[in-house]
Amino acid sequence: MLKQSAVDRVFHALADPTRRAMVERLSRGPASVTDLASPLRITVSAVIQHLEVLEQCNVVRTEKVGRTRTCRIDPHGLAVAEKWIAARRALWEKRLDRLGEILK
């Protein structure tokens, strides 16, 4: 089986619209699993499955205190995608700058 890189795992996790909606909600602050499930109209069990994917790529952290599982964004996971995008952006900006010089 192919070994996925950290970037692959983050983009795979964010490819799902439900998980993106959860990350969007968590970007406003921590939330319980029940709070995440409510606007999505999916079961708590389904939210937990999505959270597992997000936790595996370090986009989300959860903490269980008593009967409540609280979820929050983990900036380290998103930083992986941000660095990958920034590297591509820098490469293309250089190429486009060179093209601009040639076209002058």
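The values are calculated or read from the model by the stated rules, or taken from the named source; none is laboratory data. For clarity, every value in this text was computed on a predicted model and none was experimentally measured. Glycine gets a Cβ as well: all are built from the backbone with ideal geometry, and neighbour counts include every protein chain shown. Protein only, heavy atoms only, side chains kept; ligands, DNA and RNA dropped before computing areas. Shrake-Rupley method; radii C 1.70, N 1.55, O 1.52, S 1.80 Å.
Checking the structure you have, find out if any residue of the range 82-93 is open to solvent by less than 70 Å² (accessible area, probe 1.4 Å), among the hydrophobic types (A, V, I, L, M, F, W, C) and either touching a residue at least 40 places away in the same chain (Cβ under 8 Å) or not in a helix (DSSP H, G or I) (or both). Scanning the range 82-93, I find no residue that is open to solvent by less than 70 Å² (accessible area, probe 1.4 Å), among the hydrophobic types (A, V, I, L, M, F, W, C) and either touching a residue at least 40 places away in the same chain (Cβ under 8 Å) or not in a helix (DSSP H, G or I) (or both), so the answer is no.
The set of residues in the range 3-44 that are assigned to a helix (DSSP H, G or I), at pLDDT below 95 and loosely packed, with under 12 Cβ neighbours inside 10 Å comprises Thr34, Pro39. Determine which single condition Leu54 fails, assuming it passes every other condition in (1) buried (at least 16 other Cβ atoms within 10 Å of the Cβ); (2) at pLDDT below 85. Failing condition for Leu54: (2).
The residues of the range 59-81 that are outside any helix (DSSP H, G or I) and open to solvent by less than 80 Å² (accessible area, probe 1.4 Å), listed by number, are Val59, Val60, Thr62, Gly66, Thr68, Thr70, Cys71, Arg72, Ile73, Asp74.
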